[in-house]
Every structure is written in structure tokens, then in C-alpha cells.
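Below is one structure, written out as C-alpha cells, with a few remarks after it.
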Amino acid sequence: MAASDPAFTPILLTLPSLTPSLALEVLPAGLTFHRLFVQADGKTHDILIGPEDPTGHQTQKYTNTIIGRYSNRLPVGTFELERNGFKSTVTPQANEKPTVSLHGGVKGFDQYPWEPLVDPSASELFTPAELATLQTRAPSSMIFKRISEDGEEGFPGTLLCETLVALAQPEGAPAQTADGTKEWNLGSVIVVYRAKLLDDGKVTPVNLTQHWGFNLDASLQEGPETMSVKDHTISIKADHTVEIDKHSLLSTGNLLAATGTHHAHAEKSTGRIGEAFPENGYDEFYVFAQRAAPPPPSVVPVSEITPEVDLVGAAMARDGPAAAEVVSLTGGKSGLRISFATNQPGVQFYSNNFSDPEKTARKKIHGGSGSVGMGTPPDVPAAFLEFHAPLAAWMNPATRGPTGEGEDTLLASGELYNNFTRMDVWYKAPA
């Protein structure tokens, strides 16, 4: 691809300020988050790992791209689906192994260009009330669109997809932390995935996410310890992980208790990722503990989405059921922290343990050459946090939460898929 290809030309979203605290570069190719700049205490950080050149994402797969039609791993085969009286058949295509379909198959959503809707009113899946909210509360935003054809990678039904990417201004006064210092909110990144079947009488699996990888210290370039996230601290409000077959990495259909294991991050004495670090790193799906108020569902009847409905405003609000923080990641030296709220039932935490040095580049701002294959990647260079539903959730009801009553990731004709994640960026002066 030529550098002038519009699909690899970054679209810049930035907060409307003389000294913006956040700026995000989005590539239509694979709906990729290329850079996320954070301005804190006079220092510019890029907290996303990845290649220097936008076209590098063709080689360095699944780095900050969208994933779909189904995140994570599905078994290869033919499976019958049924929802709301509709029936279809799905045949996931092998790509990782002969028995495993990873991240949507041979050519998933990450390998297609997404159309930026320069005129938001052209959106078919966001309501007038939601567009009005964006205009007043998140004017730096863009909706991206693609249509996944019936049969693409074995998935049934023609699926209209729209993804909103938005930046929101900081809100409120600095927060007082437990050690008596102040923490400043620098703004938010909001991602909302919408989808609707255009065919009548169909049902399809849908499970979307952003496969984004973070290092909050790398821009400091202060030695090997800032190149790795082992010195980051992480909190995941989860009581269980999904049991994974050690050979296929597919779900066994069971939940495992996190308490008393290296997955109970809140129980660690320091909370550092490097504490009790497993031999093969982290690549686990965590099912969130029951929240005080249930978050909005991922699937709602289209008939309920009237012009006045504003689910985007609910996703942006820092109070109410959509606001509960479920994951927090804090840099070891930078003073930066990112926290996440979502309506998804869990998160995949991946420590980049399977990265290939010959297909991996490190940005110049992170002390790398920017080129693929130039030097060995740092030890555990990123924490990937992918918010979605459990692996093959419609096949494995026991993994949908302790009660087994969570969402099955099936979408039928006449329904709207509504998946959101809000990431808040924070800064506290390092001790």
C-alpha cells in the first residue's frame, strides 16, 4: 500500500484546547488506533505501542485494530444458531490452527478499510439524540462504517457495522487519592460499536473489540524497565477466568476461580504485573464480578431505539450503571493511569507474549527504530486490554458469568448490537 492511500492516512481527533491533553490518530484501515498522545506535566507520551509507519500495521497484525466479526478464538466446524425463532448456520474459518478460528478468520474486520462518515447524519445506527450529544459533549469524534457481507468468513447474514470513536473533555476537579495526593483527569476515549443485520430471519454471532496495547512509561525512554509493563500495576475486578485448553487455547466451557491465583490481581501485595508473572505470560479472559448496578445490555430490540434514545450519553456519563470502573492500569514511573468502564462482561488481558520479533516494530518515541525486525522487542512491552464477551459464549453458557445468565453474543434480525468502552486518562505526579 502507498503511504498516500486514504486508508492509511491518519484521521486526527483532538480535544478543542490550546494545550490538548489527548489526541488520537485513527486509520480507516482496520479501524486502527495508530497513536494516542497524552500531554502531562510538559511531557508528550504516546501510550499505544506499534509501528512508526501506518502501513506497518499490515505486517504487525492485531496491534490496536478492531477485531471481528468475532473476537478471540472459535472452534472450526459447522454450528447451528437459534435466537428469537430465527435459525442460521455459522462455519468459522481456520487461520491460527486447523481447529481454531482467531479474531474473525482468515480475513477479519481488521483487514478491511472502514468508511469515515464525514457527515454524521449519514449514520444509520446512531440516533439524532446521540448525534446531538456528540456535537455538544464530544465534538472531536468520527463514525466509521463497513458492511460485512452474508457468508463472510463463514458468518451468516449481511451485517451493517458502525463504530463511533470520540474524545471527551476532562470533567470535574482533581480527585483526592488514598495517599493524599491529587490525580487529574485528562479526558476520555469513547468507543461504541453498533451492528444490525440487514437480512430478515437471520441470526449471527457478533463480538467486537479494539485489540489495543498499552505502555504508559515507554515514552520516558529511561531504560529497559520503562520499555516493559512488568512495573505497571493492574486491577481487574474479576472473580473468575475462562478455563482454556492449553493446546488449542479454546474455551473448555468452564469458569475458574481467580481467588488465590496469580489472576487475582487485587490480592497481590504490589499489584505489579511482574509479580508472580506466569512462565508464558498472560493471555486470559477475565469475567467481571457482579456490578452494583447491571450495565446496559449489548443487544436491544431495534423497536426500542427511537430518535430520542441516547445510549451514547449513558456511555459517557461518569455516574450511573455505565460508569463503574472495572479495569485500571497504572504506569510504574510516568504518573499516568488509564481506567475503563464498559457494558461488556469481561476483558482479555494479553501481555504480548506471542509477538514475533521479525514482524514487530517499536516507535521512535518509545526508543525504537520504528522499523519492523530492528532489534529484539522489550520484555513484555505491552498490556493488551480487549473488552468483549467470553470465547464462543453462545456455545458455553457456564462462562457467561457465575450465574450463567449473561449474554450469548448472538444477534438476530430486528436487534441492535450496542457495545461500548470508555477509557479515562489520569495523571498524578510521581512520588
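The values are calculated or read from the model by the stated rules, or taken from the named source; none is laboratory data. Note that this is a predicted model, so its numbers are computed, not measured. Counting neighbours? That spans all protein chains shown, and the Cβs are built from the backbone with ideal geometry, glycine included.
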Do we have Ala317 as exposed (fewer than 13 other Cβ atoms within 10 Å of the Cβ), out of contact with any Gly (no Cβ under 6 Å at 6 or more places or on another chain) and among the small types (Gly, Ala, Ser) here? no
Condition check for Arg337: part of a loop (DSSP other than H, G, I, E, B) and basic (Lys, Arg): no
For the stretch 234-276, give me each residue that is closer than 19 Å to Gln344 by Cα and basic (Lys, Arg). Lys237
Mind listing whichever residues of the stretch 72-106 are over 16 Å from Leu250 (Cα atoms) and of a type in the set (Gly, Ala, Ser)? Gly85, Ser88
Those residues of the stretch 261-314 that are closer than 28 Å to Thr403 by Cα, in a loop (DSSP other than H, G, I, E, B) and of a type in the set (Val, Ile, Thr) come to a total of 1
Unmet criterion (only one of (1) within 22 Å of the chain's Cα centre (by Cα); (2) at pLDDT 85 or above; (3) surrounded by fewer than 22 Cβ atoms within 10 Å (Cβ to Cβ); (4) of a type in the set (A, V, I, L, M)) for Ala322: (2)
Among residues of the stretch 398-414 being in contact (Cβ under 8 Å) with a residue 60 or more places away in the chain and over 22 Å from the mean Cα position of the chain (by Cα), the residue nearest to Val90 (Cα to Cα) is Ala412
Against the definition (over 21 Å from Ile47 (Cβ atoms) and assigned to a strand (DSSP E or B)), how does Lys196 come out, yes or no? yes
Considering residues of the stretch 277-314 that are aliphatic (A, V, I, L, M) and closer than 30 Å to Ser351 by Cβ only, the residue surrounded by the fewest Cβ atoms within 10 Å (Cβ to Cβ): Ala292
Which residues, taken from the stretch 8-19, are buried (at least 18 other Cβ atoms within 10 Å of the Cβ) and either touching a residue at least 60 places away in the same chain (Cβ under 8 Å) or touching a Gly at 6+ places or on another chain (Cβ under 6 Å) (or both)? Leu13, Leu15
Can you tell me how many residues within the stretch 299-321 are in contact (Cβ under 8 Å) with a residue 24 or more places away in the chain and over 18 Å from Leu208 (Cα atoms)? 14
